[in-house]
């Protein structure tokens, strides 16, 4: 259990940040799922457009510390490769 005021504050802050980060991750996953859906549908133009929308969201997640930069790069690379193969 936290004994110092600083540790108690840190616990409160971590709880708030966790909620924000979970929401960010969920939002990014939704964008990625829209790209996946377009790829599954076989519509190259829609998939490319969805990827163009998802890319800045993923970059924002990296900037905010929700995702590691290599994870984001890997996801973008794999999605781009799948779109190019359509």
For residues that are more than 30 Å from residue 14 (Cβ to Cβ) and assigned to a helix (DSSP H, G or I), tally how many sit in region 30-86. 26
Restricting attention to region 1-33, which residues are farther than 14 Å from residue 82 by Cα, touching a helix residue (DSSP H, G or I) at 6+ places or on another chain (Cβ under 8 Å) and at pLDDT 95 or above? 24, 25, 27, 28, 31
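The values are calculated or read from the model by the stated rules, or taken from the named source; none is laboratory data. Nothing here was measured: the structure is a model prediction, and the numbers come from that model. Cβ coordinates were reconstructed from backbone atoms using ideal geometry, including for glycine residues, and neighbour counts include every protein chain displayed.
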